[in-house]
Amino acid sequence: MDILFRGGRVFTAKGDFAEAVLVRDGVIAAVGAARDLATGAHETVDLAGGLLTPGFTDAHIHPVQAGLERAKCDLSEVYGLDEYVARVAQYAAAHPGREWVDGGGWDMSAFPGGLPRREQLDFLDRPVYLIQRDHHAAWVNTRALERAGITRQTPDPADGRIERDADGTPTGVLHEGAMDLVGLLTPRPTQQDMDDALVDAQRHLFSLGITGWQDAIVGSYAGSDDQLPTYVSAAASGRLRARVVGALWWERTRGAEQIEDLLQRRKSAEGLDRFSATSVKIMQDGIAENYTAAVLEPYCLCGGTGLSYVDPDLLKGYVAELDRHGFQIHFHAIGERAVREALDSFTGTDPANRHHIAHLQIIEPSDIPRFAELGVTANLQPLWATHHAQMDELTIPYLGEPRSSWQYPFADLQQAGARFCAGSDWPVSNADPLQAMHVAVNRTEPGSSVHAGYPTAQTPFLPGQKLDLTTALTAYTAGSAWINRSPAGVIEPGRPADLVVLDRDPFDLPAQDLWTTKVRMTFVDGEAVHEA
């Protein structure tokens, strides 16, 4: 039976709107006026004044990790030391037989200087390991440090740092690569745990209209486990309904010798309908709030210029070889030096491989035109571009001026001709694309955010960098689908019917109310996979 979507506007992601869409056998058969399409037997989906859009594609996300964390001690929905401690105590009481209390989701801004302490978790006589919301640090208690043998004499790993008191005593925060000192000791999830996590995450993402994504770390990082077997199994069995690309993890302690391994990993996923492993993720730096983002000039309060995890001179050779093998490169770059190092490495590469750089928190202005010149896509995480405690109390004081004014320069990138895709980095932040679009358009916190009540949350952050709604919505649909080489992402005949019905038309709302828009229905290949 054909399905006719009518009764509201249709955002095609081609720069125009339509009135109705006809779907036949899971494929978009026609787009046009409702009276012209309603000629044969069909089922009708009444948009009820809402908006029909292509399914959203999240271009930078970690669903398996998110699913695992949702099943552990999840701090992401609360805020503040008292709330965190209460949630940890509640979880520990509910799971008395578990050797470890592990999970994550705490926010640096809830603590002085962004740093919790081990003593705050020492009320438990079990080791505790809690990953920070940004996944660049872990908060542990004394028992966990003892279990790992971490003392004053323990050296920092090359790609991380043990936070210490003045006398060298570990305080309970492990940054970047130091997380593995404890994280690798925590109980490993079983394959069934991983499979269940993916199914749970997919269900949640469908409820937000996300019908495809790029998993930004498919490999082992910071105590996480390799997700490749999980995706391959789910795609082969039909459990994976979304269209997914896995970005294979570049191990920063290794060099070019790992490329042969990456080729074999890519080959192991060939021939699957819903999953491919055609991208490689290179994390070039950390984050500004713990001074590991790679910057050009020293941080204001601590000195130092952050970490380049891959030697920039070697990086160019690695990227060139990956490019020759047809891999897409997916960079993590937060600081302006990391962004420049990533751009430098793309010189001479093939734009047809659709390389992209994610996060892009700080870009030195002279580097902005290089995205279009090199054919590199800007992978935006819009939800972060607001005034909130972490931004105002940690980031801006650490960066200083003019560097603070270089943050999340979306409008400058657009004016320079850069191509956009977009993502959430979930579970680092909320996976809801509509909340992210609200920030892209307003540069203020959505009303649903735990930070919405912060004193400056409704003061636009660098308002000159706002995007219009059409650009933001296109980035989350056609832009991210293009990065994934997905056949979806645009509403036109011949495309898969991966579609989202919104409960209202956000183009008719005042900009400050965009966050109130919700997903009513989600379709994959013309089949409803979510109904609110």
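A compact table of results
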| item | result |
| --- | --- |
| Calculated FRET value between residue 24 and residue 151, using beta carbons and R₀ = 60 Å, to 0.05 | 0.35 |
| Per DSSP, loop chymotrypsin sites (Phe, Trp or Tyr not before Pro) in the stretch 42-130 with at most 13 further Cβ within 10 Å | 123 |
| In order through the stretch 227-241: 3J(HN,Hα) via Karplus (6.51 cos²θ - 1.76 cosθ + 1.60), integer Hz, x for Gly, Pro | 8, 4, x, 5, 5, 4, 5, 5, 5, 5, 8, x, 5, 7, 9 |
| Length-normalised contact order for the chain - Cα pairs under 8 Å, 6+ apart - percent | 18 percent |
| Karplus (6.51, -1.76, 1.60) ³J(HN,Hα), θ = phi - 60°, over the stretch 391-399, in Hz, Gly and Pro reported as x | 5, 6, 9, 10, 4, 4, x, 6, 7 |
| Positive dipole terminus of the chain, leading residue within 302, 333, 526 (C-beta point charges) | 526 |
| Test item: Cα-centred dipole of the stretch 73-183, Lys/Arg +1 and Asp/Glu -1 on Cβ, debye | 220 debye |
| Per-residue Cβ neighbour rank within 10 angstrom, fewest leading, 220, 480 | 220, 480 |
| Against the rule of thumb 2.2 N^0.38 Å, how large the Cα Rg of the stretch 73-183 comes out | 0.98 |
| Rg [Å, one decimal], Dmax [Å, integer] - the stretch 128-253, C-alpha atoms | 17.3, 55 |
| Formal net charge of residues neighbouring residue 216 (Cβ-Cβ distance under 9 Å; K, R +1; D, E -1) | -1 |
| Cut-off 12 Å (backbone N to label point 7 Å along Cα→Cβ of residue 70), residues of the stretch 416-445 | 427, 431-432 |
| For the stretch 211-232 versus the stretch 378-434, the gap between their alpha-carbon centres in whole angstrom | 24 Å |
| Sequence-distant residues sharing a close amide H with residue 296 (under 5 Å, placed H) | 336, 337 |
| Rounded to the nearest 20 debye, dipole of the chain from Cβ charges on Lys, Arg, Asp, Glu | 580 debye |
| Size-normalised alpha-carbon gyration radius of the chain, reference 2.2 N^0.38 Å | 0.95 |
| Signed unit charges on C-beta, dipole axis of the chain, positive-most listed residue 491, 198, 114 | 491 |
| Under Karplus coefficients 6.51, -1.76 and 1.60, residue-wise ³J(HN,Hα) of the stretch 74-82 in Hz, glycine/proline x | 9, 9, 5, 9, 10, 8, x, 4, 4 |
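The numbers here are math on the coordinates, done by the rules we state, and not lab data. Only a predicted model underlies this, so the values are computations on that prediction, with no experimental measurement involved. Note: ideal-geometry Cβ built from the backbone for every residue, glycine included; neighbour counts use all protein chains shown.
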